[in-house]
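Q: My structure is below; once you've seen it, I'll send some questions.
Just so you know, all these numbers are worked out from the coordinates, no wet-lab data involved. This is a predicted model, so every value here is computed, not measured. Neighbour counts run over all protein chains shown; Cβ positions are idealised from the backbone, glycine included.
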Amino acid sequence: MKTRIAALVMVGLLVLYLIFVINYSFILIGTGEPIAQVMGWALVVLPVIGFWALGAEMVFIFRAERLFNTLRDEAALPAEIDERRPSGRPTQEAADQAFELYRAEAEASPESWRAWLRLGLAYDASGDRRRARWAVRRAITISRAPVGR
């Protein structure tokens with residue numbers, strides 16, 4: 001719950017910042033000076049990109065959380081890794097061993113969002129965040145595809 005509150009506070013601060021940037025850009029546009037107006041229009045673009053990125057990330061989080069909760073409700077989450085560091089993260093050897101199991105599962109069932117989500121969790125445990133996000137995105141795509149396509 002603490003993590004969710006912290007994330008919401010960060011989102012709120014980002015939105016507040018983007019609103020201030022938009023406000024300042026309109027002040028620059030209204031000055032009548034050509035250089036200031038160009039800077040103002042450039043500043044309008046940045047918050048638009050920021051709001052788009054924030055929205056895309058929030059959609060990803062909500063969809064991934066929905067799939068994760070479904071997997072948890074089905075008691076189909078990956079097995080807990082026993083070997084852990086003092087920080088609580090799995091050791092690299094234990095994470096790599098678990099990863100091979102879930103990689104093989106995803107290869108055997110490429111149309112199973114459950115297999116891809118478990119693979120994403122295994123990538124995350126191995127410390128490969130980029131591939132973890134890729135596997136979770138694949139799980140989301142598969143879960144949203146019409147059945148029997």
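Q: Limiting things to C-alpha atoms, what are the Rg and the maximum Cα-Cα separation (Dmax) for the chain, in angstroms?
A: Gyration radius and largest Cα-Cα distance of the chain: 21.2, 66 Å.
Q: Against the globular-protein guess of 2.2 N^0.38 Å, express the Cα radius of gyration of the range 92-144 as a ratio, rounded to two decimals.
A: 1.02
Q: So how strong a dipole does the chain carry about its Cα centre when Lys and Arg Cβ are +1 and Asp and Glu Cβ are -1, to the nearest 20 debye?
A: That gives a dipole near 260 debye.
Q: Further, regarding this structure: Counting other C-beta atoms within 10 Å, which of MET39, MET58 has the fewest, and how do the rest follow?
A: Ascending number of Cβ neighbours within 10 Å: MET58, MET39.
Q: Still on this model: Once you keep just the Cα pairs under 8 angstrom separated by 6 or more residues, what percentage relative contact order results for the range 2-73?
A: Relative CO of the range 2-73 lands at 24 percent.
Q: Still on this structure: Could you calculate, for the range 2-73, the ratio of the Cα radius of gyration to the Kirkwood radius, expressed as Rg to Rh?
A: Over the Cα atoms of the range 2-73, Rg/Rh equals 1.22.
Q: Order by neighbour count: ARG133, ARG114, fewest other Cβ atoms within 10 Å first, most last.
A: Values: ARG133 15, ARG114 19.
Exposure proxy ranking, most exposed first: ARG133, ARG114.
Q: Could you put LEU121, LEU77, LEU28 in order, starting from the residue whose Cβ has the fewest other Cβ atoms within 10 Å?
A: In order of increasing Cβ crowding within 10 Å: LEU77, LEU28, LEU121.
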